[in-house]
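Beneath this line is the structure, given in structure tokens, with notes to follow.
The values are calculated or read from the model by the stated rules, or taken from the named source; none is laboratory data. Treat the numbers as computed from the prediction; the structure is a model and nothing was measured. Cβ atoms come from the backbone with ideal geometry, glycine included; neighbour counts cover every protein chain shown. The accessibility values were calculated without ligands, DNA or RNA, using every heavy atom of the protein model including side chains. Shrake-Rupley method; radii C 1.70, N 1.55, O 1.52, S 1.80 Å.
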Amino acid sequence: MRGCARHRRSGAGAPMTLDVWDKVASVVSGSLALAAAAVAVRRHLRDRGRQSWWSTLTRLWERETDAAIVHPHHFGTQVPPLSEVYVPRRAVPRLGRAEEALDAAQLFTGARNVLLVGEPGSGKTALIAYESARSAERWLRSRGRRRRRPVGPVLVRLPATALIHHALPDALRDAYGEAPLDFRRPPAPGVRWLICVDRVDAVADPGDRGNVLNRLAEAGRSSARDASPCRILVTTRPLDADELATLGEDYPAYQLAPFTRADVTALAGRWFPDHGEAQGFLTWTHTQRITDPVRNPLVATVAALVWRNRRAAPVSRPGPAALFEDFVQALLRGGRGSLDATCRALRDHPPQGPAVADWLAERHTELVEVAATAAVAGADPVAEVAKWSAEDAPYPPAQHLDNWPQRIRDLLLATDLFRADRDALVSVWPSLIDHLAAGPLTRRWSPEAWASLMNTTSTRFVGVQVFQRMEAPDALLRDRLAEPSWAAAVGHLLVSTDVVRGTDDLALRTDVLAALLGHWAADPDGDTGRACLSLLRTLATNQADRDLLFTIGADGNRRRATRLAVTRFFRADGHP
């Protein structure tokens, strides 16, 4: 009995043990399956998240890389893409010296906002295009993999004119709403946006420009104060220091350095891989006195385009202004077909149409000059040309061609000097537009008109082009420094560019600074005095001019009032 009992217990115990192990195995296998499912879900969500931001940004990056391989001027031949001919640039910190220059690419990967100032044609927009394309290519190569992700932000471009009527978030939504991109959040995990706001100087109206700077200042304060997903890089031609002070300390300022001799040699090698041809190009620029070296990148690029397309015969006269003139005329010849077609259409509308066609055929350059003047002033080029033609033509062209505004638009686009931006026309290279707008005053010189151009922010660089195009003696700049408006005009010329003939003369710069000091001391509280003080502050952001101011203050041969003005200036402005 006891044996049977033991047998029953042992018999019952074996199946019970197997059942327990069965249950344990089921629990373990279920847990493993659940863990595998969880891993799969997480992987799916991660991949889906990656695919979501990746697919959205891919369209942006592809557009940026495509834009970098398009050159605005072809002359009917193949032009190298920007990535092949671009020469890396350097930037100098505000109040820094040339030896303190850094690689401009570093401005795109730092932690702070940036203000980048450069003279006309210095390559601000090209720098943004080049760095945007390089960044886009790096991101596309990474294929969205975390371990392959490039160092640095995701770049987006925005013209400063987009901020005239909209705050930065609204302007970005309007520009990139089709993508759509959400600038309130990082573009990818652990990555920030870099918003490149280009050409504050293109905002012609002073009130509008003030609004743009205020909006950028507020955005800069927000990005510095909050954990913002955005950084901002702002570019502009030289503006008055008092205007740029609106941006405050949230935008450390840098100056885009001009080309050096080594830069020009590098550019020649990129445009012309054949060593003999590159040397021929450099010799030609020297012979044509297109400065030595070609310090302005736009002048260098125009020279390369002219040389590359076998238009290297001597230009009408030596110097960069003549090179620009011949280049612009070549562009107009390239767009002549559109003008001829318009003239033929007018001749099909007798009796008055032929007379209008004859008038228009002789005024191709003048028509584009009117459009350029409108563009500089922030007006509609098409509307201004239509107004000009209605007033100056023998008979209004619009009475003979129902599509006259579209014809004007086509005429301007055919020159390659303008491009379409949605419904508007904008300049391809603003310095060429300034050059064209300078035409009327160059032909009919007026010192008062030139001073007015120079003392108005929106037209200042037209005045620079006027002076470059004129065959005037260098003494012209000194002749009227006793007049406050003239001294201010010449001071703005010194601020605007360092490649205009005579502006690198230290004696001239010293005389201009002394004249401005004198005018400020004579009327410190009046409009003239305040204008001169603002200009002195602007000039003093250049270390070389600061050194000259100190020299004036220590020069015992200067008037005592002028020397005291130097002391007052540095004390009032908080300089050591």
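Quick notes
- From Leu441, Leu506, Leu425, residue being farther than 22 Å from Thr301 by Cα, in the same structural domain as Ala531 (by the TED database) and hydrophobic (A, V, I, L, M, F, W, C): Leu506
- Top-ranked residue of the stretch 100-147 - restricted to ones that are under 18 Å from Ser83 (Cα atoms) and among the hydroxyl-bearing types (Ser, Thr, Tyr), ranked as most open to solvent (accessible area, probe 1.4 Å): Thr125
- Filter result for the condition that a residue is crowded, with 21+ Cβ neighbours inside 10 Å, over 28 Å from Val85 (Cβ atoms) and touching a helix residue (DSSP H, G or I) at 6+ places or on another chain (Cβ under 8 Å), over Ile232, Ile195: Ile232
- Restricting the first member to the stretch 411-422 and to residues that are at negative phi and aromatic (Phe, Trp, Tyr), and the second to residues that are surrounded by 19 or more Cβ atoms within 10 Å (Cβ to Cβ) and assigned to a strand (DSSP E or B), the beta-carbon pairs closer than 7 Å and six or more apart or on different chains are Phe418/Leu425; Phe418/Ser427.
- The criterion of at least 3 residues that are out of contact with any Ser or Thr (no Cβ under 9 Å at 6 or more places or on another chain) and over 21 Å from Pro206 (Cα atoms) is met, among helices (runs of 4 or more DSSP H) falling completely within the stretch 372-459, by 381-392, 404-414, 439-443.
- Scoring Gly248 on the criteria (1) farther than 28 Å from Ala375 by Cα; (2) open to solvent by less than 10 Å² (accessible area, probe 1.4 Å); (3) touching a Gly at 6+ places or on another chain (Cβ under 9 Å) leaves a single failure, condition (2).
- Odd one out for His349, checked against (1) of a type outside the set (Val, Ile, Thr); (2) part of a loop (DSSP other than H, G, I, E, B); (3) under 14 Å from Ala414 (Cβ atoms): (3)
- Counting only helices (runs of 4 or more DSSP H) that fall entirely inside the stretch 498-576 and contain at least 1 residues that are under 30 Å from Arg289 (Cα atoms) and modelled with pLDDT under 95, the qualifying elements are 506-522, 527-539, 543-554.
- Selection status of Val302, closer than 21 Å to Ala438 by Cα, assigned to a helix (DSSP H, G or I), of a type in the set (A, V, I, L, M, F, W, C) and touching a residue at least 12 places away in the same chain (Cβ under 8 Å): yes
- If you check Ala217, Ala227, Ala188 for being open to solvent by less than 20 Å² (accessible area, probe 1.4 Å), free of Cβ contacts under 8 Å to residues at least 40 places away in the same chain, at negative phi and not aromatic (Phe, Trp, Tyr), only one passes: Ala217.
- Scan of the stretch 88-113 for residues that are of a type outside the set (D, E, K, R) and over 21 Å from Ala245 (Cα atoms), ordered by number: Pro88, Ala98, Ala101, Leu102, Ala104, Ala105, Gln106, Phe108, Thr109, Gly110
- When restricted to residues that are within 19 Å of Val79 (Cα to Cα) and either assigned by the TED database to the domain that holds Arg237 or surrounded by fewer than 23 Cβ atoms within 10 Å (Cβ to Cβ) (or both), the stretch 283-298 contains 1.
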